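Note sheet for the following structure.
The values are calculated or read from the model by the stated rules, or taken from the named source; none is laboratory data. Computed from a prediction, not measured in an experiment: that's the story for all the values here. Neighbour counts run over all protein chains shown; Cβ positions are idealised from the backbone, glycine included. Remember, those area values only see protein heavy atoms, side chains included, never the ligands or the DNA or RNA. Shrake-Rupley method; radii C 1.70, N 1.55, O 1.52, S 1.80 Å.
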Amino acid sequence: MAGLFFKPGLLPWYARNPPGWSQLFLGTVCKGDFTRVIATKCQKGQKSQKKPSHLGPLDGSWQERLADVVTPLWRLSYEEQLKVKFAAQKKILQRLESYIQMLNGVSVTTAVPKSERLSCLLHPIIPSPVINGYRNKSTFSVNRGPDGNPKTVGFYLGTWRDGNMVCVQSNHLKNIPEKHSQVAQYYEVFLRQSPLEPCLVFHEGGYWRELTVRTNSQGHTMAIITFHPQNLSQEELHVQKEIVKEFFIRGPGAACDLTSLYFQESTMTRCSHQQSPYQLLFGEPYIFEELLSLKIRISPDAFFQINTAGAEMLYRTVGELTGVNSDTILLDICCGTGVIGLSLSQHTSRVLGIELVEQAVEDARWTAAFNGITNSEFHTGRAEKILPGLLKSKEDGQSIVAVVNPARAGLHYKVIQAIRNFRAIHTLVFVSCKLHGESTRNVIELCCPPDPAKKLLGEPFVLQQVVPVDLFPHTPHCELVLLFTR
(Lines give C-alpha, C1' and ligand atoms only; values in the text may rest on other atoms or scores of the structure.)
Protein backbone atom coordinates (compact mmCIF):
# COMPACT_ATOMS: atom_id res chain seq x y z
CA MET A 1 0.00 0.00 0.00
CA ALA A 2 2.97 2.32 0.33
CA GLY A 3 2.86 5.15 -2.18
CA LEU A 4 -0.81 4.63 -3.09
CA PHE A 5 -2.65 6.47 -0.34
CA PHE A 6 -1.88 9.51 1.77
CA LYS A 7 -1.44 9.49 5.48
CA PRO A 8 -4.02 11.71 7.24
CA GLY A 9 -3.03 15.35 7.31
CA LEU A 10 -0.22 15.04 4.77
CA LEU A 11 -0.31 16.82 1.45
CA PRO A 12 0.77 14.83 -1.58
CA TRP A 13 3.49 16.96 -3.12
CA TYR A 14 6.68 15.19 -4.00
CA ALA A 15 10.06 16.85 -3.50
CA ARG A 16 11.05 16.68 -7.14
CA ASN A 17 10.19 18.50 -10.33
CA PRO A 18 7.74 16.79 -12.69
CA PRO A 19 8.98 15.69 -16.11
CA GLY A 20 8.96 18.36 -18.76
CA TRP A 21 7.13 16.67 -21.60
CA SER A 22 4.59 18.85 -23.33
CA GLN A 23 1.83 16.35 -22.73
CA LEU A 24 -1.56 16.31 -21.17
CA PHE A 25 -4.02 14.48 -19.04
CA LEU A 26 -7.73 14.67 -18.69
CA GLY A 27 -10.63 12.71 -20.02
CA THR A 28 -11.23 9.31 -21.48
CA VAL A 29 -10.18 9.40 -25.07
CA CYS A 30 -10.17 5.66 -24.79
CA LYS A 31 -13.45 3.83 -24.72
CA GLY A 32 -14.47 1.55 -21.89
CA ASP A 33 -15.01 1.94 -18.16
CA PHE A 34 -11.69 0.87 -16.64
CA THR A 35 -12.97 1.24 -13.09
CA ARG A 36 -15.79 -1.24 -13.59
CA VAL A 37 -13.57 -3.67 -15.50
CA ILE A 38 -10.89 -3.65 -12.81
CA ALA A 39 -13.50 -3.86 -10.04
CA THR A 40 -15.07 -6.90 -11.67
CA LYS A 41 -11.70 -8.64 -11.77
CA CYS A 42 -11.11 -7.83 -8.09
CA GLN A 43 -14.53 -9.15 -7.12
CA LYS A 44 -13.95 -12.41 -9.00
CA GLY A 45 -10.73 -12.85 -7.06
CA GLN A 46 -12.46 -12.54 -3.72
CA LYS A 47 -14.35 -15.18 -1.81
CA SER A 48 -18.11 -14.91 -2.04
CA GLN A 49 -19.51 -12.61 0.58
CA LYS A 50 -22.60 -13.10 2.66
CA LYS A 51 -25.45 -10.74 2.02
CA PRO A 52 -25.63 -7.90 4.53
CA SER A 53 -28.13 -8.64 7.27
CA HIS A 54 -30.30 -5.64 6.35
CA LEU A 55 -31.20 -7.22 2.99
CA GLY A 56 -34.33 -9.26 3.50
CA PRO A 57 -34.75 -12.63 1.76
CA LEU A 58 -37.61 -11.40 -0.47
CA ASP A 59 -36.35 -8.00 -1.55
CA GLY A 60 -32.62 -8.71 -1.47
CA SER A 61 -32.36 -9.33 -5.21
CA TRP A 62 -33.88 -5.96 -6.09
CA GLN A 63 -31.82 -4.13 -3.51
CA GLU A 64 -28.59 -5.84 -4.51
CA ARG A 65 -29.25 -5.13 -8.17
CA LEU A 66 -29.77 -1.45 -7.35
CA ALA A 67 -26.62 -1.37 -5.22
CA ASP A 68 -24.64 -2.90 -8.08
CA VAL A 69 -25.85 -0.12 -10.41
CA VAL A 70 -25.63 2.90 -8.10
CA THR A 71 -22.62 1.81 -6.02
CA PRO A 72 -20.82 -0.81 -8.13
CA LEU A 73 -17.83 -1.07 -5.78
CA TRP A 74 -19.84 -1.69 -2.61
CA ARG A 75 -18.73 -5.32 -2.33
CA LEU A 76 -15.05 -4.32 -2.12
CA SER A 77 -13.28 -3.09 0.98
CA TYR A 78 -12.51 0.63 0.81
CA GLU A 79 -8.81 -0.16 0.47
CA GLU A 80 -9.59 -2.26 -2.60
CA GLN A 81 -11.86 0.47 -3.99
CA LEU A 82 -9.02 2.98 -3.86
CA LYS A 83 -6.70 0.56 -5.66
CA VAL A 84 -9.32 0.12 -8.37
CA LYS A 85 -9.82 3.86 -8.82
CA PHE A 86 -6.11 4.64 -8.85
CA ALA A 87 -5.45 1.96 -11.47
CA ALA A 88 -8.33 3.27 -13.58
CA GLN A 89 -7.09 6.87 -13.50
CA LYS A 90 -3.56 5.76 -14.39
CA LYS A 91 -4.93 3.79 -17.34
CA ILE A 92 -6.83 6.81 -18.59
CA LEU A 93 -3.70 8.93 -18.28
CA GLN A 94 -1.64 6.46 -20.30
CA ARG A 95 -4.18 6.31 -23.12
CA LEU A 96 -4.73 10.04 -23.24
CA GLU A 97 -1.04 10.88 -23.21
CA SER A 98 -0.46 8.50 -26.11
CA TYR A 99 -3.25 10.21 -28.02
CA ILE A 100 -1.82 13.68 -27.38
CA GLN A 101 1.65 12.54 -28.40
CA MET A 102 0.28 11.38 -31.73
CA LEU A 103 -1.63 14.63 -32.12
CA ASN A 104 1.55 16.65 -31.58
CA GLY A 105 3.66 14.42 -33.79
CA VAL A 106 5.76 13.07 -30.91
CA SER A 107 6.92 9.48 -31.32
CA VAL A 108 6.27 7.29 -28.30
CA THR A 109 9.48 5.98 -26.77
CA THR A 110 9.83 2.28 -26.11
CA ALA A 111 12.63 2.74 -23.60
CA VAL A 112 10.14 3.02 -20.75
CA PRO A 113 7.81 0.08 -20.05
CA LYS A 114 4.27 0.80 -21.21
CA SER A 115 2.87 0.35 -17.70
CA GLU A 116 5.10 3.16 -16.39
CA ARG A 117 4.90 5.55 -19.34
CA LEU A 118 3.55 8.76 -17.83
CA SER A 119 4.81 12.27 -18.49
CA CYS A 120 2.90 14.10 -15.75
CA LEU A 121 3.31 13.52 -12.03
CA LEU A 122 0.41 11.35 -10.84
CA HIS A 123 0.06 11.67 -7.07
CA PRO A 124 -1.40 8.99 -4.79
CA ILE A 125 -5.15 9.06 -4.34
CA ILE A 126 -6.54 11.05 -1.39
CA PRO A 127 -9.16 8.93 0.42
CA SER A 128 -12.51 10.26 1.56
CA PRO A 129 -12.59 10.99 5.32
CA VAL A 130 -16.14 9.57 5.39
CA ILE A 131 -16.89 6.28 3.65
CA ASN A 132 -20.58 5.54 4.35
CA GLY A 133 -23.58 7.86 4.27
CA TYR A 134 -21.46 10.72 2.98
CA ARG A 135 -23.92 12.35 0.56
CA ASN A 136 -25.26 15.75 1.64
CA LYS A 137 -27.71 15.81 -1.27
CA SER A 138 -29.89 13.03 -2.68
CA THR A 139 -32.62 13.16 -5.32
CA PHE A 140 -35.29 10.44 -5.20
CA SER A 141 -37.59 9.54 -8.08
CA VAL A 142 -41.23 8.48 -7.97
CA ASN A 143 -42.46 5.61 -10.11
CA ARG A 144 -43.67 2.03 -10.13
CA GLY A 145 -41.88 -0.24 -7.70
CA PRO A 146 -41.13 -3.95 -8.12
CA ASP A 147 -44.64 -4.64 -6.77
CA GLY A 148 -46.24 -2.34 -9.35
CA ASN A 149 -47.16 0.45 -6.93
CA PRO A 150 -46.71 3.74 -8.86
CA LYS A 151 -46.17 5.66 -5.62
CA THR A 152 -42.77 4.19 -4.81
CA VAL A 153 -39.94 6.56 -3.88
CA GLY A 154 -36.38 5.53 -4.63
CA PHE A 155 -33.88 5.14 -7.48
CA TYR A 156 -34.42 3.80 -10.98
CA LEU A 157 -33.34 0.34 -12.04
CA GLY A 158 -33.57 -0.71 -15.68
CA THR A 159 -34.17 1.48 -18.74
CA TRP A 160 -37.14 3.06 -20.46
CA ARG A 161 -35.87 1.75 -23.79
CA ASP A 162 -36.00 -1.86 -22.61
CA GLY A 163 -39.35 -1.34 -20.87
CA ASN A 164 -38.06 -2.75 -17.57
CA MET A 165 -37.79 0.44 -15.52
CA VAL A 166 -38.72 0.11 -11.85
CA CYS A 167 -38.23 2.38 -8.84
CA VAL A 168 -36.49 0.63 -5.93
CA GLN A 169 -36.31 1.95 -2.39
CA SER A 170 -32.76 3.04 -1.65
CA ASN A 171 -32.43 2.91 2.13
CA HIS A 172 -29.87 0.10 1.86
CA LEU A 173 -27.36 2.01 -0.29
CA LYS A 174 -24.08 2.67 1.49
CA ASN A 175 -23.64 6.23 0.23
CA ILE A 176 -27.08 7.49 1.35
CA PRO A 177 -27.35 8.81 4.94
CA GLU A 178 -30.17 7.58 7.17
CA LYS A 179 -31.79 11.02 7.31
CA HIS A 180 -32.21 11.11 3.52
CA SER A 181 -33.74 7.64 3.51
CA GLN A 182 -36.09 8.62 6.34
CA VAL A 183 -37.42 11.66 4.48
CA ALA A 184 -37.86 9.55 1.31
CA GLN A 185 -39.80 6.90 3.23
CA TYR A 186 -42.15 9.48 4.75
CA TYR A 187 -42.64 11.13 1.35
CA GLU A 188 -43.73 7.72 0.08
CA VAL A 189 -46.18 7.44 3.00
CA PHE A 190 -47.57 10.85 2.06
CA LEU A 191 -47.94 9.94 -1.62
CA ARG A 192 -49.84 6.77 -0.81
CA GLN A 193 -52.28 8.79 1.28
CA SER A 194 -52.75 11.46 -1.39
CA PRO A 195 -55.67 11.16 -3.84
CA LEU A 196 -53.50 12.76 -6.54
CA GLU A 197 -51.54 10.46 -8.82
CA PRO A 198 -47.78 10.76 -9.36
CA CYS A 199 -46.46 12.20 -12.61
CA LEU A 200 -44.74 9.22 -14.22
CA VAL A 201 -44.83 10.47 -17.83
CA PHE A 202 -45.51 14.17 -18.44
CA HIS A 203 -48.05 13.82 -21.26
CA GLU A 204 -50.01 11.16 -19.35
CA GLY A 205 -50.85 13.46 -16.44
CA GLY A 206 -50.18 13.07 -12.75
CA TYR A 207 -48.76 15.52 -10.23
CA TRP A 208 -46.27 14.36 -7.59
CA ARG A 209 -42.70 14.11 -8.82
CA GLU A 210 -39.24 13.80 -7.31
CA LEU A 211 -37.91 14.64 -3.87
CA THR A 212 -34.53 16.25 -3.13
CA VAL A 213 -33.04 16.17 0.37
CA ARG A 214 -30.10 18.34 1.46
CA THR A 215 -28.39 18.08 4.84
CA ASN A 216 -25.42 19.71 6.55
CA SER A 217 -22.91 18.53 9.14
CA GLN A 218 -24.99 20.14 11.92
CA GLY A 219 -27.91 17.83 11.16
CA HIS A 220 -30.19 20.38 9.49
CA THR A 221 -32.41 19.05 6.71
CA MET A 222 -33.93 20.78 3.67
CA ALA A 223 -36.49 18.92 1.55
CA ILE A 224 -37.62 20.01 -1.92
CA ILE A 225 -40.73 18.49 -3.51
CA THR A 226 -41.23 18.83 -7.27
CA PHE A 227 -44.85 18.94 -8.47
CA HIS A 228 -46.35 19.05 -11.97
CA PRO A 229 -49.28 21.49 -11.77
CA GLN A 230 -51.02 20.17 -14.91
CA ASN A 231 -54.25 22.23 -15.11
CA LEU A 232 -54.79 22.87 -11.41
CA SER A 233 -55.96 26.35 -10.43
CA GLN A 234 -53.99 28.47 -7.97
CA GLU A 235 -56.56 27.65 -5.29
CA GLU A 236 -56.17 23.92 -5.90
CA LEU A 237 -52.38 24.24 -5.83
CA HIS A 238 -52.62 26.11 -2.54
CA VAL A 239 -54.63 23.23 -1.05
CA GLN A 240 -51.98 20.67 -2.04
CA LYS A 241 -49.18 22.80 -0.60
CA GLU A 242 -51.05 23.15 2.68
CA ILE A 243 -51.68 19.38 2.83
CA VAL A 244 -48.03 18.43 2.33
CA LYS A 245 -46.95 21.20 4.72
CA GLU A 246 -49.30 19.89 7.42
CA PHE A 247 -48.02 16.33 6.89
CA PHE A 248 -44.41 17.33 7.61
CA ILE A 249 -45.21 19.77 10.44
CA ARG A 250 -47.89 17.99 12.46
CA GLY A 251 -48.48 14.71 10.65
CA PRO A 252 -46.38 11.54 10.45
CA GLY A 253 -43.68 13.43 8.51
CA ALA A 254 -42.92 15.53 11.58
CA ALA A 255 -40.61 12.67 12.60
CA CYS A 256 -38.21 13.94 9.90
CA ASP A 257 -37.72 17.19 11.85
CA LEU A 258 -37.21 19.21 8.65
CA THR A 259 -35.41 22.53 8.90
CA SER A 260 -37.18 23.68 5.74
CA LEU A 261 -39.61 22.41 3.11
CA TYR A 262 -39.65 23.77 -0.43
CA PHE A 263 -42.21 23.21 -3.19
CA GLN A 264 -41.48 23.72 -6.88
CA GLU A 265 -44.04 23.63 -9.68
CA SER A 266 -42.24 22.23 -12.70
CA THR A 267 -43.54 21.33 -16.14
CA MET A 268 -40.07 20.30 -17.35
CA THR A 269 -37.59 17.64 -16.33
CA ARG A 270 -35.47 20.28 -14.59
CA CYS A 271 -36.38 23.87 -13.75
CA SER A 272 -34.09 26.53 -12.34
CA HIS A 273 -35.25 28.97 -9.69
CA GLN A 274 -35.56 31.61 -12.42
CA GLN A 275 -37.77 29.35 -14.55
CA SER A 276 -39.96 28.23 -11.67
CA PRO A 277 -39.23 29.70 -8.23
CA TYR A 278 -38.70 27.47 -5.21
CA GLN A 279 -41.56 28.20 -2.81
CA LEU A 280 -40.70 27.96 0.89
CA LEU A 281 -43.61 26.23 2.64
CA PHE A 282 -42.04 26.44 6.09
CA GLY A 283 -38.74 26.78 7.92
CA GLU A 284 -35.43 28.46 7.15
CA PRO A 285 -34.74 29.56 3.55
CA TYR A 286 -31.14 28.27 3.61
CA ILE A 287 -28.91 25.72 5.24
CA PHE A 288 -25.37 26.58 6.24
CA GLU A 289 -22.11 24.65 6.27
CA GLU A 290 -18.75 25.15 7.95
CA LEU A 291 -15.86 24.52 5.59
CA LEU A 292 -12.26 25.75 5.53
CA SER A 293 -12.99 28.22 8.36
CA LEU A 294 -15.85 29.73 6.35
CA LYS A 295 -19.56 29.78 7.10
CA ILE A 296 -21.21 28.99 3.74
CA ARG A 297 -24.81 29.64 2.75
CA ILE A 298 -26.49 27.05 0.53
CA SER A 299 -29.71 27.72 -1.44
CA PRO A 300 -32.05 24.98 -2.70
CA ASP A 301 -30.51 24.72 -6.18
CA ALA A 302 -26.95 25.92 -5.50
CA PHE A 303 -24.13 23.53 -6.37
CA PHE A 304 -22.15 22.21 -3.42
CA GLN A 305 -19.91 19.14 -3.45
CA ILE A 306 -21.99 16.19 -2.23
CA ASN A 307 -19.29 14.95 0.18
CA THR A 308 -18.58 17.77 2.64
CA ALA A 309 -15.59 16.20 4.38
CA GLY A 310 -14.16 15.12 1.04
CA ALA A 311 -14.77 18.59 -0.40
CA GLU A 312 -12.48 20.07 2.23
CA MET A 313 -9.70 17.71 1.09
CA LEU A 314 -10.44 18.61 -2.53
CA TYR A 315 -10.37 22.37 -1.97
CA ARG A 316 -7.18 22.20 0.10
CA THR A 317 -5.56 20.31 -2.77
CA VAL A 318 -6.74 22.93 -5.27
CA GLY A 319 -5.39 25.69 -3.03
CA GLU A 320 -1.97 24.05 -2.81
CA LEU A 321 -1.74 23.62 -6.58
CA THR A 322 -2.74 27.19 -7.46
CA GLY A 323 0.34 28.68 -5.80
CA VAL A 324 -1.42 32.05 -5.44
CA ASN A 325 0.21 35.01 -3.71
CA SER A 326 -0.58 38.63 -2.90
CA ASP A 327 0.21 39.71 -6.46
CA THR A 328 -2.13 37.17 -8.05
CA ILE A 329 -5.71 37.47 -9.28
CA LEU A 330 -7.63 34.23 -8.76
CA LEU A 331 -10.20 33.55 -11.48
CA ASP A 332 -12.80 31.00 -10.25
CA ILE A 333 -14.81 29.75 -13.25
CA CYS A 334 -17.99 27.73 -12.59
CA CYS A 335 -17.53 28.72 -8.96
CA GLY A 336 -20.81 27.49 -7.47
CA THR A 337 -21.14 29.00 -4.01
CA GLY A 338 -17.62 30.43 -4.32
CA VAL A 339 -15.90 28.23 -1.74
CA ILE A 340 -12.63 27.71 -3.63
CA GLY A 341 -12.04 31.39 -4.33
CA LEU A 342 -13.20 32.61 -0.93
CA SER A 343 -11.04 30.09 0.92
CA LEU A 344 -7.99 31.48 -0.91
CA SER A 345 -8.98 35.15 -0.72
CA GLN A 346 -6.53 35.97 2.09
CA HIS A 347 -3.63 34.71 -0.04
CA THR A 348 -4.44 36.56 -3.27
CA SER A 349 -5.01 40.15 -4.33
CA ARG A 350 -8.50 39.56 -5.78
CA VAL A 351 -11.02 36.80 -6.41
CA LEU A 352 -13.21 36.89 -9.52
CA GLY A 353 -15.98 34.29 -9.66
CA ILE A 354 -18.28 33.31 -12.53
CA GLU A 355 -21.35 31.11 -12.03
CA LEU A 356 -24.49 30.39 -14.09
CA VAL A 357 -26.90 29.80 -11.16
CA GLU A 358 -28.04 33.14 -9.75
CA GLN A 359 -28.91 31.74 -6.33
CA ALA A 360 -25.40 30.28 -6.00
CA VAL A 361 -23.89 33.69 -6.77
CA GLU A 362 -26.11 35.28 -4.14
CA ASP A 363 -24.88 32.63 -1.70
CA ALA A 364 -21.25 33.40 -2.60
CA ARG A 365 -21.78 37.13 -2.05
CA TRP A 366 -23.48 36.46 1.30
CA THR A 367 -20.65 34.13 2.36
CA ALA A 368 -18.06 36.77 1.44
CA ALA A 369 -19.88 39.50 3.38
CA PHE A 370 -20.56 37.32 6.44
CA ASN A 371 -16.92 36.21 6.62
CA GLY A 372 -15.58 39.73 6.15
CA ILE A 373 -14.03 39.08 2.72
CA THR A 374 -13.79 42.32 0.75
CA ASN A 375 -11.53 41.41 -2.19
CA SER A 376 -14.00 39.25 -4.13
CA GLU A 377 -16.59 39.84 -6.83
CA PHE A 378 -18.98 37.34 -8.39
CA HIS A 379 -20.66 37.51 -11.79
CA THR A 380 -23.85 35.70 -12.82
CA GLY A 381 -24.15 34.21 -16.30
CA ARG A 382 -22.57 31.88 -18.80
CA ALA A 383 -18.80 31.79 -18.53
CA GLU A 384 -18.39 31.92 -22.31
CA LYS A 385 -20.20 35.27 -22.39
CA ILE A 386 -18.67 36.86 -19.26
CA LEU A 387 -15.07 35.65 -19.31
CA PRO A 388 -13.74 37.34 -22.49
CA GLY A 389 -14.91 40.79 -21.40
CA LEU A 390 -13.76 40.24 -17.82
CA LEU A 391 -10.26 39.33 -18.94
CA LYS A 392 -10.02 42.33 -21.29
CA SER A 393 -10.68 44.64 -18.34
CA LYS A 394 -7.65 43.35 -16.43
CA GLU A 395 -4.12 44.61 -16.86
CA ASP A 396 -1.79 42.29 -18.75
CA GLY A 397 0.97 42.88 -16.22
CA GLN A 398 -0.77 41.10 -13.34
CA SER A 399 -0.56 37.31 -13.13
CA ILE A 400 -3.85 35.43 -13.15
CA VAL A 401 -4.40 31.90 -11.84
CA ALA A 402 -7.53 30.24 -13.18
CA VAL A 403 -9.50 27.49 -11.45
CA VAL A 404 -12.22 25.71 -13.40
CA ASN A 405 -14.67 23.23 -11.90
CA PRO A 406 -17.18 22.64 -14.71
CA ALA A 407 -20.17 20.34 -14.87
CA ARG A 408 -19.70 16.95 -16.52
CA ALA A 409 -20.41 18.52 -19.91
CA GLY A 410 -17.11 20.42 -19.68
CA LEU A 411 -16.34 24.00 -20.66
CA HIS A 412 -17.73 25.90 -23.65
CA TYR A 413 -15.14 26.25 -26.41
CA LYS A 414 -15.22 30.05 -26.08
CA VAL A 415 -14.10 29.70 -22.46
CA ILE A 416 -11.16 27.58 -23.60
CA GLN A 417 -10.34 30.20 -26.25
CA ALA A 418 -10.42 33.01 -23.68
CA ILE A 419 -8.17 31.13 -21.24
CA ARG A 420 -5.77 30.01 -23.95
CA ASN A 421 -5.46 33.45 -25.56
CA PHE A 422 -5.08 35.53 -22.39
CA ARG A 423 -1.33 35.49 -21.83
CA ALA A 424 -1.49 36.58 -18.18
CA ILE A 425 -2.92 33.16 -17.23
CA HIS A 426 0.17 31.07 -16.55
CA THR A 427 -1.42 28.55 -14.18
CA LEU A 428 -4.68 26.63 -14.63
CA VAL A 429 -6.18 24.14 -12.16
CA PHE A 430 -8.88 21.97 -13.73
CA VAL A 431 -11.20 19.95 -11.47
CA SER A 432 -13.34 17.21 -13.00
CA CYS A 433 -15.21 14.16 -11.76
CA LYS A 434 -15.77 12.53 -15.14
CA LEU A 435 -13.34 13.20 -17.94
CA HIS A 436 -14.76 12.31 -21.31
CA GLY A 437 -16.40 13.89 -24.33
CA GLU A 438 -16.28 17.66 -24.12
CA SER A 439 -13.82 17.59 -21.21
CA THR A 440 -11.37 15.64 -23.37
CA ARG A 441 -11.73 18.23 -26.12
CA ASN A 442 -11.18 20.96 -23.52
CA VAL A 443 -7.81 19.50 -22.59
CA ILE A 444 -6.75 18.87 -26.16
CA GLU A 445 -7.46 22.50 -27.04
CA LEU A 446 -5.62 23.73 -23.95
CA CYS A 447 -2.52 21.73 -24.81
CA CYS A 448 -2.40 21.53 -28.61
CA PRO A 449 -0.08 23.72 -30.72
CA PRO A 450 -1.46 27.16 -31.69
CA ASP A 451 -4.30 26.80 -34.20
CA PRO A 452 -5.50 30.02 -35.91
CA ALA A 453 -8.42 28.15 -37.47
CA LYS A 454 -9.79 27.47 -33.99
CA LYS A 455 -8.71 30.90 -32.71
CA LEU A 456 -6.29 29.24 -30.29
CA LEU A 457 -3.43 31.71 -30.55
CA GLY A 458 -1.77 31.64 -27.13
CA GLU A 459 0.98 29.30 -26.03
CA PRO A 460 -0.23 25.81 -25.10
CA PHE A 461 -0.51 24.62 -21.51
CA VAL A 462 1.45 21.64 -20.20
CA LEU A 463 0.02 19.20 -17.70
CA GLN A 464 2.39 19.03 -14.74
CA GLN A 465 0.60 17.24 -11.90
CA VAL A 466 -2.56 15.21 -11.28
CA VAL A 467 -4.12 14.47 -7.89
CA PRO A 468 -7.05 12.01 -7.60
CA VAL A 469 -9.37 12.83 -4.69
CA ASP A 470 -12.05 10.31 -3.78
CA LEU A 471 -15.35 12.02 -3.00
CA PHE A 472 -17.53 9.09 -4.02
CA PRO A 473 -16.80 5.87 -2.07
CA HIS A 474 -18.51 2.71 -3.38
CA THR A 475 -18.85 4.24 -6.88
CA PRO A 476 -16.43 4.27 -9.84
CA HIS A 477 -16.19 8.07 -9.76
CA CYS A 478 -13.27 10.11 -8.52
CA GLU A 479 -12.45 13.81 -8.65
CA LEU A 480 -9.27 14.67 -10.51
CA VAL A 481 -7.35 17.87 -9.87
CA LEU A 482 -5.07 18.75 -12.78
CA LEU A 483 -2.36 21.40 -12.74
CA PHE A 484 -1.49 23.01 -16.07
CA THR A 485 1.22 25.63 -16.53
CA ARG A 486 2.81 27.51 -19.42
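Residues checked against (1) outside any loop (DSSP other than H, G, I, E, B); (2) closer than 21 Å to L330 by Cβ:
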{"residue": "R408", "(1), (2)": "no, no"}
{"residue": "L411", "(1), (2)": "no, yes"}
{"residue": "V415", "(1), (2)": "yes, yes"}
{"residue": "R423", "(1), (2)": "no, yes"}
{"residue": "T427", "(1), (2)": "yes, yes"}
{"residue": "H436", "(1), (2)": "no, no"}
{"residue": "I444", "(1), (2)": "yes, no"}
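Pull up the stretch 449-486, narrow it to residues that are surrounded by fewer than 24 Cβ atoms within 10 Å (Cβ to Cβ) and acidic (D, E), then point me to the one that is farthest from the chain's Cα centre (by Cα). Among residues in the stretch 449-486 that are surrounded by fewer than 24 Cβ atoms within 10 Å (Cβ to Cβ) and acidic (D, E), the one farthest from the chain's Cα centre (by Cα) is D451.
Output the residues belonging to the stretch 372-412 that are of a type in the set (S, T, Y) and in contact with a helix residue (DSSP H, G or I) (Cβ under 7 Å, 6 or more places away or on another chain). If the condition is that a residue be of a type in the set (S, T, Y) and in contact with a helix residue (DSSP H, G or I) (Cβ under 7 Å, 6 or more places away or on another chain), then S376, T380 are the ones that fit. Scanning the stretch 170-207 for residues that are under 17 Å from F227 (Cα atoms), open to solvent by less than 40 Å² (accessible area, probe 1.4 Å) and part of a helix (DSSP H, G or I) gives V183, A184, Y187, E188, F190, L191.
Within the stretch 425-437, being farther than 21 Å from S119 by Cβ and without any contact (Cβ under 8 Å) to a residue 60 or more places away in the chain holds for C433, K434. Residues in the stretch 365-392 that are open to solvent by less than 40 Å² (accessible area, probe 1.4 Å), within 19 Å of S349 (Cα to Cα) and not aliphatic (A, V, I, L, M) were compared, and the one that is farthest from the chain's Cα centre (by Cα) is N375. Reported count of residues in the stretch 276-293, each being of a type in the set (D, E), open to solvent by 40 Å² or more (accessible area, probe 1.4 Å) and under 21 Å from Y134 (Cβ atoms), is 1.
Figure legend. Inter-residue proximity from the stretch 438-464: first residues more than 13 Å from I425 (Cβ to Cβ), second residues part of a helix (DSSP H, G or I) and open to solvent by less than 30 Å² (accessible area, probe 1.4 Å), beta-carbon distance below 6 Å, spacing 6+ or different chains. Indicated pairs: N442/I416; E445/I416; L456/R420.
When every residue of the stretch 87-104 is checked against the conditions, none turns out to be at pLDDT 95 or above, of a type in the set (K, R) and open to solvent by 70 Å² or more (accessible area, probe 1.4 Å). Each residue in the stretch 294-320 was checked for being among the charged types (D, E, K, R), over 23 Å from Q359 (Cβ atoms) and either touching a Leu at 6+ places or on another chain (Cβ under 7 Å) or open to solvent by less than 20 Å² (accessible area, probe 1.4 Å) (or both), and 1 of them qualify.
Restricting the stretch 393-410 to residues that are closer than 30 Å to H273 by Cβ and open to solvent by 10 Å² or more (accessible area, probe 1.4 Å) leaves a set whose member that is farthest from the chain's Cα centre (by Cα) is S393. Restricting the stretch 124-150 to residues that are more than 22 Å from R270 (Cβ to Cβ) and free of Cβ contacts under 8 Å to residues at least 60 places away in the same chain leaves a set whose member that is surrounded by the most Cβ atoms within 10 Å (Cβ to Cβ) is G145.
Of the residues making up the stretch 329-364, those that are assigned to a loop (DSSP other than H, G, I, E, B) and open to solvent by 30 Å² or more (accessible area, probe 1.4 Å) are C334, S349, L356, V357.
Quick grid of which residues meet (1) within 23 Å of K137 (Cβ to Cβ); (2) assigned to a helix (DSSP H, G or I); (3) in contact (Cβ under 8 Å) with a residue 60 or more places away in the chain; (4) not hydroxyl-bearing (S, T, Y):
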| position | (1), (2), (3), (4) |
| --- | --- |
| L232 | no, no, no, yes |
| V244 | yes, yes, no, yes |
| A254 | yes, yes, no, yes |
| S272 | yes, no, yes, no |
